[in-house]
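Single-structure report; data block below.
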Amino acid sequence: MATRVSTTTQSDGLRQRAVNGNSNGIANKIVAPTDEGKKSDQRLDQHVEYEFGGPWGVVAIMTGFPILMYYLWICLVFYDGHLVFPKSTDDIGPFLTRMWEHVSVDASPNLYAWKVYTGLIVYQLFLAWIVPGFMQEGLPVPSLGYKTLMYKCNAVGCIYITWITAAVLHYTGIFRLTEIIDNFGHLMTVAMIYGFGVSFGMYFLSIATGNQIRMSGNFIYDVFMGACLNPRLGPIDLKMWLEVRIPWVIVFFMAISGACKQYELYGYVTPNMAFMCLATWLYLNACGKGEECIPQTWDMFHEKWGFLVIFWNFAGVPFSYIYSVVYMASHDPSKYRFSTTTYVALYATLLTSYYIWDTAMSQKSRFKMQTQGIFTYRKTFPQLPGGTVENPRYIQTAHGNRLLVDGWWRYSRKPNYVADWIMSLTWGLCIGAATPIPYFYSVFFIVVLIHRCGRDFERCALKYGKDWDRYCEIVKYKFIPYVY
């Protein structure tokens, strides 16, 4: 199953797509923005207003989140998962001193952590460069004159090679996987340094090379939001590379490290830890096997590469989403042991949510590829039933784009968000009420999703006008069908 259209590759590596041809039964013409749509895109491709509270808001985020990450880690590891506070006003100074001692001693950016984290980055860049991959054409980019970029999708092969490499290193004793969880604090600090360093470095590089876009004129805000849209290193799209190859690889191996730690301590792996191994594998594998869908997402198509994306992928995701693993690796299993019925319910919830999330994401991305005439069915594992909507129903907009109102997307405007959030909740539920800290992921995530929905819906209203009103009449619910 494939729909391809003719394109012309130009000397700058961009591709100019023809707009005639067949679109897999969706229509007999490849969609392209109308003159009205181009005017709308031009308005949206400019800095109009500050987000995230403006310059002061982003300064608070850039300083507050690293502090919060240290604080939650300290509470989890050194205070039995309890949230600790100064006992009195007189204790504020000693309290801050105790916190700093934990950071300076147990989270110092030591040479070992630098070697491990830098080694991962270099190895993932090396694999992304040399491993053969499927070439996927992206969506037409307004700032590039509606030309398209090609994306080398080889994550699935790189991930399997990484798994094999890690297994060999572990069993030969060269690098024991338990060392990852044992050096959590040190690695987290190095990840933060990379997050800040790359964010500021890319800002200055973008300005120096003239690749900035949608700038506000405020230095710190533009560092936070990013200056460049499509940073590349040879055949590697750095934004897509960082979205998959670093955060979710670390998240998965953190879970595996926790499982190895349990096995060394107790001679077995608990169902709770096995749950996290499965959950993180599902997410990482989904990013790899469906990598060709990523260029169709808003993150790739519109979001710039700044601190907001860079820091969170280098440090935020891998070191704040898996607190349940950190807790289980350092606490007796009796503190989070469940009944068989509870385990069945937990695993069933994860797998059901994953199925909806996977197929919803696939349906939307493949619909976009179908309408552009660039869809090719990949047989990566696992391809779930329902991942492609045949002859889908849609709304043709005056902009030129089409809005999907079929599959999961006929029930909710963000079915993927709902399923994704439920999965995040299970990552905390797997340790029950032993500590509230692993629930940070789901609490933080729901705030992010609500904010993103607000941004998305506002932009869609500006972009599509009355057609968006018509879409909202058909797809009434924002998140949960028949509820909200």
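The values are calculated or read from the model by the stated rules, or taken from the named source; none is laboratory data. Keep in mind that what you see is a predicted model, and the values were worked out from it rather than measured. All Cβ positions, even for glycine, are placed from backbone atoms using ideal geometry, and neighbour counts span all protein chains on display. Accessible surface is based on the protein model in full, side chains and every heavy atom, while ligands, DNA and RNA are left aside. Shrake-Rupley method; radii C 1.70, N 1.55, O 1.52, S 1.80 Å.
Some notes on this structure:
- Any chance F457 is open to solvent by 20 Å² or more (accessible area, probe 1.4 Å), modelled with pLDDT under 95, within 22 Å of E292 (Cβ to Cβ) and of a type in the set (F, W, Y): no
- Annotation note: of A191, A208, the sole residue that is in a helix (DSSP H, G or I) and over 24 Å from the mean Cα position of the chain (by Cα) is A208.
- Condition check for Y354: open to solvent by 20 Å² or more (accessible area, probe 1.4 Å), within 21 Å of I159 (Cα to Cα) and in contact (Cβ under 8 Å) with a residue 60 or more places away in the chain: no
- Taking the criterion of being in a loop (DSSP other than H, G, I, E, B) and out of contact with any Cys (no Cβ under 8 Å at 6 or more places or on another chain), the residues of the range 74-131 that qualify are Y79, D80, F85, P86, K87, S88, A107, S108, P109, N110.
- Taken over the range 339-386, residues that are touching an Asp or Glu at 6+ places or on another chain (Cβ under 8 Å) and not in a helix (DSSP H, G or I) amount to 4.
- Filtered by the rule that a residue be within 30 Å of S40 (Cβ to Cβ) and more than 19 Å from the chain's Cα centre (by Cα), the range 140-170 gives P140, V141, P142, S143, L144, G145, Y146, K147, T148, L149, M150.
Residue-wise test of (1) at pLDDT below 95; (2) farther than 30 Å from T297 by Cβ; (3) among the charged types (D, E, K, R).
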position	(1), (2), (3)
F85	no, yes, no
G119	no, no, no
P142	yes, no, no
I159	no, no, no
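- Checklist (1) in contact (Cβ under 8 Å) with a residue 60 or more places away in the chain; (2) part of a helix (DSSP H, G or I) applied to T165, failing item: (1)
- Conditions (1) of a type outside the set (D, E); (2) closer than 24 Å to V269 by Cβ; (3) open to solvent by less than 20 Å² (accessible area, probe 1.4 Å); number of the one not met by T397: (2)
- Qualifying residue in the range 152-163 (condition: among the small types (G, A, S) and surrounded by fewer than 16 Cβ atoms within 10 Å (Cβ to Cβ)): no
- The residue pairs whose first member lies in the range 436-453 and is under 18 Å from Y71 (Cα atoms), whose second member is open to solvent by 40 Å² or more (accessible area, probe 1.4 Å) and at pLDDT 95 or above, and whose beta carbons are closer than 6 Å, counting only pairs six or more residues apart or on different chains, are S442/L425.
- Checked against (1) more than 17 Å from W241 (Cα to Cα); (2) surrounded by 15 or more Cβ atoms within 10 Å (Cβ to Cβ), L149 meets all criteria but (1).
- Just one residue in the set L177, L233, L238 is among the aliphatic types (A, V, I, L, M), open to solvent by less than 40 Å² (accessible area, probe 1.4 Å), out of contact with any Phe, Trp or Tyr (no Cβ under 6 Å at 6 or more places or on another chain) and under 20 Å from F301 (Cβ atoms); that residue is L238.
Quick grid of which residues meet (1) open to solvent by 30 Å² or more (accessible area, probe 1.4 Å); (2) over 25 Å from the mean Cα position of the chain (by Cα); (3) polar (S, T, N, Q):
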site	(1), (2), (3)
L429	yes, no, no
P436	yes, no, no
S442	no, no, yes
H451	yes, no, no
W468	no, yes, no
Y482	yes, yes, no
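- If the condition is being under 20 Å from G138 (Cα atoms) and open to solvent by 10 Å² or more (accessible area, probe 1.4 Å), then the range 372-388 contributes Q372, T376, Y377, R378, K379, T380, T388.
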